[in-house]
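Data block below; observations after.
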Amino acid sequence: MSAGIETALKRFGEVLSTAGRQHAAALLVLAAVVAAAYSNSVLADLRSDEEALIAASIEGIPGTDLQGLGALIVGIESRLFGFASAPYRVLSMAWHLAAAFGVYLVARRLARDGAYGWFAATLAAAAFAAHPASTHAVNALTDRGVLVGSALALLGAQTMLAAASVPVGNPRRWGSAAISSAALSAEWGSNPGRARA
């Protein structure tokens, strides 16, 4: 690496010397990436399958494709927002930002110290945040369980990694609770025989 880039990264590491500043800077970078990648969907109209899901949630009709914690969250949101699309899209972006920050925290824990480790972890999380494979999960209300599950699983994994040096206690319990909630948010249905598109 050139001396100029190495010096710039070293100075950047000195500015972001504390973990809190590093995390805050990474969160700002990730928020900008998520906003740039998905802000065009905020004003998009609801699709017909999303409108049907909201109507079923409002009326309390069981048997929708969304199950688990994702169904509970959509049920609460549908009662709060009705058929306005923007709040759903903004919350999808927030869940995706939480998942991307979870990627950053796990990568940061596994990366080496200093500016290089921060840069590598932030780059990995930004790639996750902007990757085209996430587009459907962020833009479709019907995939809320995927977003919730991703965020909770990654934040739970980070908590478990952080608690690895603690013999027993609350950090392990919180990590276990987050990972268990992530499993509940997935669409592992009570109706395995239903047809999937």
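The values are calculated or read from the model by the stated rules, or taken from the named source; none is laboratory data. Every value quoted in this text rests on a predicted model; they were computed, and no experiment measured them. Ideal geometry is used to build each Cβ from the backbone, glycine not excepted, and the neighbour counts take in all protein chains shown.
The table below gives the values:
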| item | result |
| --- | --- |
| Looking only at the range 99-126, and only at residues there that are among the aliphatic types (A, V, I, L, M) and over 18 Å from L152 (Cβ atoms), the one that is farthest from the chain's Cα centre (by Cα) | A115 |
| Exclusive hit being in contact (Cβ under 8 Å) with a residue 12 or more places away in the chain and not in a helix (DSSP H, G or I), set L69, L46 | L46 |
| Hits in the range 7-30 (condition: in a helix (DSSP H, G or I) and modelled with pLDDT under 75) | T7, A8, L9, K10, R11, F12, G13, E14, V15, A19 |
| Among residues of the range 146-185, those that are more than 16 Å from G102 (Cβ to Cβ) and either buried (at least 16 other Cβ atoms within 10 Å of the Cβ) or modelled with pLDDT of 80 or more (or both), counted | 2 |
| Only listed residue being within 30 Å of G20 (Cβ to Cβ) and within 16 Å of the chain's Cα centre (by Cα), chosen from H136, H96 | H96 |
| Leading residue by the ranking (surrounded by the fewest Cβ atoms within 10 Å (Cβ to Cβ)) among those in the range 113-128 that are more than 15 Å from H23 (Cβ to Cβ) and in contact (Cβ under 8 Å) with a residue 12 or more places away in the chain | Y116 |
| A107 being free of Cβ contacts under 8 Å to residues at least 60 places away in the same chain and either surrounded by fewer than 20 Cβ atoms within 10 Å (Cβ to Cβ) or not small (G, A, S) (or both) | no |
